[in-house]
Structures are given as C-alpha cells and as structure tokens.
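Inspection log for the structure reproduced underneath, given as structure tokens.
The values are calculated or read from the model by the stated rules, or taken from the named source; none is laboratory data. Being a predicted model, the structure only gives us computed values, none of them experimental. Quick reminder, even Gly has a Cβ in these numbers, built from the backbone with ideal geometry, and neighbours come from all protein chains shown.
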Amino acid sequence: MIDLHNHILRYVVPIHRTEPDIEVAVRMAEVAAADGIRIIVSTPHFRPAGLGGDLRAVVEMLRAGVVELNRVLRQRGIDIEVVGGAEVQLWEGLPDLATDGLLPTLGEGRHVMVELPIASYAAYAEQVLFELQLKGYRPVIAHFERMAGAPVQGTRAEELVARGIKLQVNCESLAGRRGREVQHAAHELVRDGLAAALGSDAHDPGDRSPRLSVCRGAVNRAGGRGAFRRLTWDQPLAIIGRA
Ligand SMILES: [Fe+2]
C-alpha cells in the first residue's frame with residue numbers, strides 16, 4: 001500500500017511547540033510496515049504564509065529529511081520507502097511559489113497536496129487551484145471529506161473532479177473518528193468514485209498511527225471489489241509519478 005498523507009517528517013520543520021524526533025518517525029515506519037504499507041508519502045504541513053523567512057531553506061530541509069530518514073530506515077532493515085511531499089496550506093501566493101520552483105510536489109510528480117481552510121470558505125480557493133493547473137500542477141485536496149461539516153459554499157466534489165482536481169480521503173474519517181457527518185461524506189466519495197487516494201494522516205505511532213488496512217472492508221463495501229487496491233496503490237502510484 002501507499003500512504004499518500006502522512007506527517008512522519010513533522011520533526012524536520014517544527015510548527016508546534018513540542019515535536020517528536022527521528023526515533024518517533026522510525027516507530028511510525030515500523031507500524032506502517034507491519035500494516036502492509038510500502039511507500040509513505042511524507043506530507044508535513046507547509047504553510048508558506050506563516051513561514052516568512054527563507055522558504056528555499058525549508059524546502060531543502062524537507063528534501064534532506066527524506067534522504068536521511070530513508071537512510072536510517074534502510075540501516076534498521078525497515079521495508080518502507082519515504083517519498084517527499086507536503087500538505088501545502090492554501091494561500092494566494094502559491095502560484096508564485098510554483099513559478100519559483102518552491103512548491104513541494106508529491107514524489108517526482110506534478111501533483112500538489114493542498115490543504116483548504118476548513119473553518120471558513122476562502123473565496124480565492126478556486127482561483128488559486130485554477131492558476132496552479134494553468135502552470136501544469138495537479139492539485140490534490142487533502143481529506144476533502146472533512147469539508148462536510150464546514151460552511152463551505154461552492155465546493156462540490158463532482159465539479160472539482162470534473163476539472164481535474166483530485167480528492168484525498170482519510171482512513172480515520174471512514175472509520176468514524178471525525179464524526180458521523182465526515183464519515184458519511186468519506187463513504188460517499190468512495191462510493192461515487194470521486195476519491196483518488198487514501199491517507200492515514202498519521203502524526204504518531206500510537207493514537208494517530210499510519211495504518212490503512214483498518215478501512216479495507218469499508219472501502220471495498222462502499223466502492224466495490226478492488227476499490228481499496230485502486231485507492232492505496234494504482235492511483236497513488238500515478239499521483240507520485242511512478243505509474
Ligand atoms: Fe495532514
């Protein structure tokens with residue numbers, strides 16, 4: 001399996017007061033490997049509006065972090081490959097970052113994972129996504145089902161998908177950990193073939209751990225036989241530019 005959304009590298013660019021370290025990342029990789037995950041796409045929060053300073057340095061730190069973590073995992077015999085990426089917060093400046101080559105993509109591909117604001121509708125969201133597409137990027141909206149409980153106007157899944165935007169769904173949402181409304185929305189996205197890939201959105205080895213197999217049953221019931229494989233291998237493989 002491929003986990004398209006995972007905060008395994010969150011210690012590299014700290015945004016919270018207390019952050020784990022590489023040993024926590026190693027434990028997360030062990031949990032993922034035991035679950036049957038082979039590729040983790042590292043998607044730490046990337047919030048350029050708040051980062052100020054030298055974005056190029058942050059991008060380099062993330063790149064180096066992936067190399068270093070892979071080296072340590074190989075050394076310890078853990079069969080997980082970590083691929084670079086980020087969960088990029090929506091911001092008016094994203095198209096300019098793309099021009100400057102400072103927009104982290106998922107793997108070696110042209111897909112960019114975008115985190116939309118959940119609490120309020122950003123009027124510029126559609127414009128930013130469209131401009132990214134014009135520049136040749138393919139936006140993947142992070143855990144789109146979580147918008148279900150938000151007062152978001154005008155973001156209909158069908159319309160976004162028809163325009164070439166991809167929607168990622170969290171396993172924990174399907175399992176009901178974000179409430180019934182979000183669970184229902186996640187189920188509908190899988191059922192209607194609108195979900196492009198699953199992610200664990202893992203933050204640690206325990207409570208928010210990198211496991212995907214727990215939602216295999218729910219995904220195949222909602223999307224039909226083969227849905228889980230498509231959402232955890234075939235489609236994410238294409239998203240990271242390997243298919
Ligand atoms: Fe996330």
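Return the residue satisfying two criteria in turn: it lies in the range 80-90 and is part of a loop (DSSP other than H, G, I, E, B), within 16 Å of the ligand (Cβ to nearest atom) and of a type in the set (A, V, I, L, M, F, W, C), and of such residues it is farthest from Val59 (Cα to Cα). If we take residues in the range 80-90 being part of a loop (DSSP other than H, G, I, E, B), within 16 Å of the ligand (Cβ to nearest atom) and of a type in the set (A, V, I, L, M, F, W, C), then Leu90 is farthest from Val59 (Cα to Cα).
Looking only at residues in the range 41-63 that are more than 20 Å from His203 (Cβ to Cβ) and crowded, with 19+ Cβ neighbours inside 10 Å, which one is modelled with the lowest pLDDT?
Here the residue is Pro48.
Condition (residue is of a type outside the set (Lys, Arg), in contact (Cβ under 8 Å) with a residue 12 or more places away in the chain, on the phi > 0 side of the Ramachandran plot and within 16 Å of the ligand (Cβ to nearest atom)) applied to the range 137-146: is it met by at least one residue? Looking through the range 137-146, at least one residue is of a type outside the set (Lys, Arg), in contact (Cβ under 8 Å) with a residue 12 or more places away in the chain, on the phi > 0 side of the Ramachandran plot and within 16 Å of the ligand (Cβ to nearest atom).
Screening the range 154-206 for helices (runs of 4 or more DSSP H) wholly inside it with 2 or more residues that are among the aliphatic types (A, V, I, L, M) returns the ranges 157-162, 180-191.
The single residue among Pro20, Pro95 that is more than 12 Å from the chain's Cα centre (by Cα), within 16 Å of the ligand (Cβ to nearest atom) and crowded, with 17+ Cβ neighbours inside 10 Å turns out to be Pro20.
The residues of the range 33-44 that are out of contact with any Lys or Arg (no Cβ under 7 Å at 6 or more places or on another chain) and not in a loop (DSSP other than H, G, I, E, B), listed by number, are Ala33, Ala34, Ile39, Ile40, Val41, Ser42.
Tell me which residues, restricted to the range 1-19, are more than 16 Å from Glu87 (Cα to Cα) and at pLDDT below 75. Within the range 1-19, Arg17, Thr18, Glu19 meet the criteria. Listed by first and then second residue, the pairs linking a residue in the range 192-220 that is free of Cβ contacts under 8 Å to residues at least 24 places away in the same chain to a residue that is of a type in the set (A, V, I, L, M, F, W, C) and assigned to a strand (DSSP E or B), with Cβ atoms under 6 Å apart and 6 or more places separating them unless they lie on different chains, form an empty list. Per the conditions (1) of a type in the set (D, E, K, R); (2) exposed (fewer than 15 other Cβ atoms within 10 Å of the Cβ); (3) under 17 Å from Ile40 (Cβ atoms), the sole criterion not satisfied by Asp207 is (3).
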